[in-house]
1. Past 20 Å, Cα to Cα, is the threshold; run 44/144; 44/102; 102/144 against it and keep the listed order.
2. Grab the other residues whose beta carbon is less than 14 angstrom from that of residue 110, score K and R as +1, D and E as -1, and report the net.
Amino acid sequence: MIPGMWNQLTWGIRSGYYALPPRESSGEGAGEGGGPARDKQSPKVLLLAEEADDVRQITAIVLREAGYEVVEAGSAEQAFLVARAEPHIDLLITAFVFPDKKAPELVRSLLRQFPKLKVLYVLGGNEPIWMAKEIGENPRLLEKPYSPAELLHEVRAALGEEGAQDS
């Protein structure tokens, strides 16, 4: 990553669409996230749903550099489509509000496909934390702007990985 790139990122709201081809499924049987079983060495699969292209792209870079497999969606509707093509998703990282839908609707739909899906909600400057009450008790929240360290801490905590102490 380019030094200082994260600090120069503008957190403006812009709609975006990022198309992904369907991925091949490997493995048989029921996996932990609801899809096919995967071996323990496989990287965790994260679905990153964020409408701002620049935020989504830089966040994906940070997550990939940390060893995660990242699939991207630029809208709630695209997240539904991407999820249909995915055999397994460990964590959904989602903006709280999209022009086409709110995150709670997206999450309810994805939980039908991936019953053990973990969720990290990202709140922008226009979404106060009290809005998160729509999503139930003790939601995992990350507020923009966030640093790569804050992002990775919250992702690891949401996944229950070692070295991530819950805050």
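Bear in mind these aren't lab numbers, they're just calculated from the coordinates by the rules spelled out. What you see is a predicted model; the values in this text were computed from it and never measured. Methodologically, a virtual Cβ is constructed for each residue, glycine included, from the backbone with ideal geometry; neighbour enumeration extends over all protein chains shown.
1. On the way: 44/144 23 Å; 44/102 25 Å; 102/144 17 Å.
Distance filter (> 20 Å) returns 44/144; 44/102.
2. On the way: positive: 84, 101, 102, 108, 112, 116, 118; negative: 77, 86, 90, 105.
Net charge around residue 110: +3.
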